[in-house]
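Beneath this line is the structure, given in structure tokens, with notes to follow.
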Amino acid sequence: MPLHKYLPVPSERMGVLWALSSIKDAYVIEYGPAGTTHYGIESYSRMNSSLSASIYTTHIEEDDIIMGDNERLARVINEVDEMHKPSHIFVVSSSVSSIIGTDVKAICNGLKTKVNAHLHEFTGGGFKGNYNLGCRDVMTVLADNVVKDPTISDATLYNIIGSNVDCYNFESDIEEVVNLMHNCFGMSLNAIFTADSSIDSIASAANAGLNLVLRAEGIECAEIMSRKYDIAYYYGLPYGYQGTYEWLNQVKNITGFSCNLSYLSKQSKRQKDHILELKYFLRGRKPINAAVSGNFDSAVGIAKFLKNELEINTVAVFINHARNMEKHIEELGNFANVVKFNADESQKEDIMNSTYPEVVLGDSFLLHISSAKAAKLQFSNPNTHHRLLCSHMPFMGFKGADYILEMIINSL
Amino acid sequence: MNSNSLIDLKRLSQVKDKKDIRKLSYAQFPGTHCPLFGVALTASLVEDMKVLVVGTEECTYYTKMFAIGRERAGEATDNILSLVMEQDEVVFGATEALQDALSCIDREYKPEAVLVVTTCVPEITGEDYNAVIQSMQPNVNAKLMCVKTEHFKCSNHLPGIERTLEALADLMEKRQVKAKTVNILGHRHKGIEKTELFLILTAEDITINLSIPSKCTVELLKGATSAELNIVTDSTALPLARKMKDRFGTDFVYFGKYGSLQRISDSYGQLSFKLGLKIENRVDELRKRTQAVLLKCKNQLSGKSFIYGNTPFAAFEACALFCSLGMKPLLIQTNDIPSDSECIAEILQYGYDPLITEVANIAPLRKLYADFRPDFYIGHEYPHILADYGIAHAVLDAVAGRLGFELLEMTAGMLMQAHAKIREVNVKEAKHAVT
């Protein structure tokens with residue numbers, strides 16, 4: 001129970017609500033005090049997202065707690081079902097309802113034959129782990145219960161799994177993935193789990209021929225769809241020039257589609273010019289160090305780009321959540337010793353104060369504690385200040401590599 | 001009543017107390033803010049105090065985010081620290097962790113005071129945090145205080161403001177009373193020195209000792225008791241005023257956010273009596289000036305209907321003001337029905353009998369916009385939704401920093417501005433539709 005002078009790590013309940021918030025026509029009912037719902041609703045704009053789902057609170061009063069009266073939840077579920085006629089209602093326990101031991105699953109089970117909507121429960125109450133697990137749980141539930149049998153089977157369609165509103169810059173990154181897939185393979189986006197999405201588009205996800213998994217938390221979702229609908233998936237992020245080539249190559253191998261070579265050769269020329277420019281810029285300088293922070297895949301992905309392609313050594317890769325994807329850790333190789341899961345504030349300060357990285361790609365706290373002279377880029381959440389308006393400035397893909405390289409050259 | 005509403009609402013003439021306020025729906029969006037938010041609004045104004053929020057990640061994270069945003073906007077100091085309760089603390093207790101945290105804060109930040117804020121979870125687990133801080137007090141230099149903010153025992157954020165202000169009384173020490181010196185209690189906005197009340201008082205050689213909480217520090221709060229009189233400008237500071245009267249004998253007057261010229265004049269009259277001021281002429285002059293602004297506003301807005309959401313005024317105080325401008329209330333959102341409200345009587349006397357419903361539940365309300373067709377929505381709503389219906393949107397948060405007649409002048413100005421803005425949009429859209 002550490003003391004936080006900055007922001008604590010968001011809980012799995014927060015991740016659940018964030019992941020659901022961006023799904024149009026998702027009806028979410030929070031069973032708990034209204035204040036947390038209100039606070040949460042106000043947070044979406046800070047994540048450069050807007051509320052697409054319909055989120056409601058039951059509120060809860062002392063009598064409900066003392067008497068163990070659950071009627072309030074049943075009443076709200078019935079009302080939302082009758083009033084809005086949604087196809088799916090997502091019921092989210094609060095810390096209060098979890099502590100007093102309300103059996104939300106049993107309540108929902110009792111109502112399943114009485115309401116038209118499908119009910120899905122998230123009962124962690126904030127005590128299950130960090131926010132990323134909440135995102136995982138939402139995507140898994142969607143794959144299991146919302147995705148319908150395919151009406152068509154179109155190999156040129158793909159889904160993005162694992163772009164959620166907690167991924168800083170998700171809008172630009174999605175646009176870049178869409179451009180890459182279109183320019184290289186002529187493929188079209190079908191559904192996104194879950195940023196800028198809708199219940200209808202997610203329900204139609206099985207029509208696609210490929211799932212692109214952009215964070216480890218989406219693997220379970222992709223595996224469910226692989227088992228149920230035989231949809232192949234590729235897990236990886238297109239960071240950096242070479243990283244993007246490799247990513248496209250993997251997609252090519254999985255889909256069997258051929259790449260648009262003229263597009264790739266144009267990118268190759270740009271890449272060579274840009275890397276040369278960096279080398280010219282860095283001539284005679286001592287090696288540059290960097291620190292990054294973010295979700296597991298984005299932080300590690302960008303660190304690999306810095307190290308493997310720009311020859312910028314990463315002194316610390318701070319993962320803003322606990323270690324819970326062990327099978328992927330093995331793939332870290334050289335980075336294993338600098339990857340820090342859930343480092344507390346003082347550990348981060350100690351590392352930053354002892355290494356003085358010249359390049360920092362991170363969340364607001366990491367940027368705050370880094371040297372004033374460092375080249376800094378808001379790369380991840382938590383984001384306390386930065387408003388994003390553009391959707392054409394990604395971190396992923398060729399454009400993302402350009403953008404990051406340009407920032408480094410101009411800031412150092 | 002529209003078929004979209006599930007439960008019939010009562011009208012103003014039919015409501016006697018809180019129990020008569022019906023909901024538009026059981027499902028609430030966005031729901032009320034909790035007392036923790038009230039604490040964040042208030043305690044962040046006391047610069048040399050640290051605020052330790054004890055609760056879940058959610059409570060602590062969002063409170064910190066809010067404080068960071070306020071500091072960036074120049075409205076307050078981010079003095080929030082967090083102690084996150086995980087499953088172990090829920091099961092085995094957080095006493096030891098709280099003690100460690102308080103020692104650490106005392107050592108590292110050397111604050112004058114620490115306000116420990118307990119939230120829903122620690123209040124359910126039932127640990128006695130007051131006892132913990134009492135046992136810790138001899139071991140730390142900072143003055144320790146505790147405020148409870150569990151939301152399941154109250155209906156909005158105001159108790160958080162009240163309790164924080166009341167807790168500040170524990171920082172005060174008995175001092176020699178200085179004549180012609182006052183405190184202003186309950187003002188939570190920067191720029192007290194620019195308010196009408198402040199200027200009138202200082203022109204009469206009255207010294208403003210402190211504005212609590214907008215202009216005070218822990219050190220200065222010790223000397224709050226040297227004021228001859230407390231002027232309470234917000235009802236949330238009444239518990240503090242009563243406590244100061246009981247404990248230190250400091251007299252107080254209530255100078256609230258009134259929507260009536262007469263009530264504001266009466267408040268100035270009360271101040272004159274208590275402090276021996278000669279401000280009648282100045283007050284009359286201001287009253288006449290404000291009356292002229294209100295008349296101008298009435299000429300523009302008379303006959304316009306409105307839905308009332310929230311403003312810095314008390315709900316019925318605001319609605320009585322709008323009715324005095326010839327505006328017609330269709331529906332009022334409120335969380336309380338004051339038993340002795342002259343404002344309710346005034347609204348009924350104007351011949352209006354609006355529907356009454358609970359606050360902070362705008363989702364079902366939106367279904368009514370098409371049928372109700374209000375000219376105005378006064379309070380917090382998504383502006384683009386109101387614009388779709390051609391409804392003028394007046395958010396009056398900014399008037400909260402004004403005290404006296406200026407409050408009415410600014411309110412009238414903002415209403416006229418909102419009206420002009422939507423009229424312009426509606427005219428443009430009509431032209432567009434024709435072409």
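Residues of region A:95-129 that are over 20 Å from residue A:85 (Cβ atoms), outside any loop (DSSP other than H, G, I, E, B) and of a type in the set (A, V, I, L, M, F, W, C): A:96, A:99, A:104, A:106, A:107, A:122. Within region A:369-392, the set of residues being more than 14 Å from chain B (Cβ to nearest Cβ) and exposed (fewer than 12 other Cβ atoms within 10 Å of the Cβ) comprises A:372, A:373, A:389, A:390, A:392. Taking the criterion of being over 22 Å from the mean Cα position of the chain (by Cα), without any contact (Cβ under 8 Å) to a residue 40 or more places away in the chain and within 14 Å of chain A (Cβ to nearest Cβ), the residues of region B:8-63 that qualify are B:19, B:26, B:57, B:58, B:61. Selection of region B:151-179 for residues being at pLDDT 95 or above and among the charged types (D, E, K, R) yields B:162, B:163, B:166, B:170, B:173, B:174, B:175, B:178.
Okay, residues lined up against (1) out of contact with any Leu (no Cβ under 6 Å at 6 or more places or on another chain); (2) under 20 Å from residue A:277 (Cα atoms):
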position: A:370; (1), (2): yes, no
position: A:375; (1), (2): no, yes
position: A:379; (1), (2): no, no
position: A:387; (1), (2): yes, no
position: A:393; (1), (2): yes, no
position: A:403; (1), (2): yes, yes
position: A:406; (1), (2): yes, yes
position: A:410; (1), (2): yes, yes
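Residues of region A:15-68 that are in contact (Cβ under 8 Å) with a residue 40 or more places away in the chain, facing chain B (nearest Cβ under 7 Å) and under 21 Å from residue B:385 (Cα atoms): A:46 alone. Taking region B:339-435 as the region of interest, the strands (runs of 3 or more DSSP E) fully inside it that hold 1 or more residues being more than 24 Å from residue B:233 (Cβ to Cβ) and among the small types (Gly, Ala, Ser) are B:392-394. Restricting attention to region A:71-95, the residues being open to solvent by less than 10 Å² (accessible area, probe 1.4 Å) and among the small types (Gly, Ala, Ser) number 2. Scanning region B:106-114 finds one or more residues that are open to solvent by 30 Å² or more (accessible area, probe 1.4 Å), closer than 21 Å to residue B:39 by Cβ, facing chain A (nearest Cβ under 9 Å) and in contact with a strand residue (DSSP E or B) (Cβ under 9 Å, 6 or more places away or on another chain). Inside region A:373-408, residues that are part of a helix (DSSP H, G or I) and touching a strand residue (DSSP E or B) at 6+ places or on another chain (Cβ under 9 Å) make up a count of 4.
Can you tell me which residue within region B:134-155, out of those that are assigned to a helix (DSSP H, G or I) and farther than 21 Å from residue B:243 by Cβ, is farthest from the other protein chains (Cβ to nearest Cβ)? Of everything passing the filter in region B:134-155, B:138 is farthest from the other protein chains (Cβ to nearest Cβ).
Within region A:1-50, being crowded, with 22+ Cβ neighbours inside 10 Å, within 15 Å of the chain's Cα centre (by Cα) and either among the polar types (S, T, N, Q) or in a loop (DSSP other than H, G, I, E, B) (or both) holds for A:10, A:11, A:21, A:22.
Filtering region A:51-69 to residues that are at pLDDT below 90 and not in a helix (DSSP H, G or I) leaves A:68, A:69. Residues in region B:216-238 that are surrounded by fewer than 18 Cβ atoms within 10 Å (Cβ to Cβ) and within 18 Å of the chain's Cα centre (by Cα): B:235 only. What is the residue count in region B:156-187 for residues that are assigned to a helix (DSSP H, G or I) and open to solvent by less than 50 Å² (accessible area, probe 1.4 Å)? Residues flagged as assigned to a helix (DSSP H, G or I) and open to solvent by less than 50 Å² (accessible area, probe 1.4 Å) within region B:156-187 amount to 9. Note on region B:239-254: among residues that are surrounded by fewer than 18 Cβ atoms within 10 Å (Cβ to Cβ) and of a type in the set (Lys, Arg), the one that is nearest to residue B:189 (Cα to Cα) is B:242. The single condition among (1) at pLDDT 95 or above; (2) open to solvent by 40 Å² or more (accessible area, probe 1.4 Å); (3) at positive phi that residue A:151 does not meet is (3). Among the residues of region B:274-333, those that are in a helix (DSSP H, G or I), open to solvent by 10 Å² or more (accessible area, probe 1.4 Å) and closer than 17 Å to residue B:374 by Cβ comprise B:300, B:315. Only residues that are under 20 Å from residue B:406 (Cβ atoms), free of Cβ contacts under 8 Å to residues at least 40 places away in the same chain and in contact with a strand residue (DSSP E or B) (Cβ under 9 Å, 6 or more places away or on another chain): list them for region B:292-318, please. Matches in region B:292-318: none. May I ask you to verify whether residue A:380 is modelled with pLDDT of 95 or more and within 17 Å of residue A:237 (Cα to Cα)? Considered against the rule, which asks whether it is modelled with pLDDT of 95 or more and within 17 Å of residue A:237 (Cα to Cα), residue A:380 comes out as yes. One residue alone among B:131, B:76 is among the hydrophobic types (A, V, I, L, M, F, W, C), assigned to a loop (DSSP other than H, G, I, E, B), more than 7 Å from every other protein chain (Cβ to nearest Cβ) and open to solvent by less than 60 Å² (accessible area, probe 1.4 Å), and that residue is B:76.
The values are calculated or read from the model by the stated rules, or taken from the named source; none is laboratory data. On a predicted model such as this, the values are computed, not experimentally measured, just so you know. Every residue, glycine among them, receives a Cβ derived from its backbone with ideal geometry; neighbour counts consider all protein chains shown. Remember, those area values only see protein heavy atoms, side chains included, never the ligands or the DNA or RNA. Shrake-Rupley method; radii C 1.70, N 1.55, O 1.52, S 1.80 Å.
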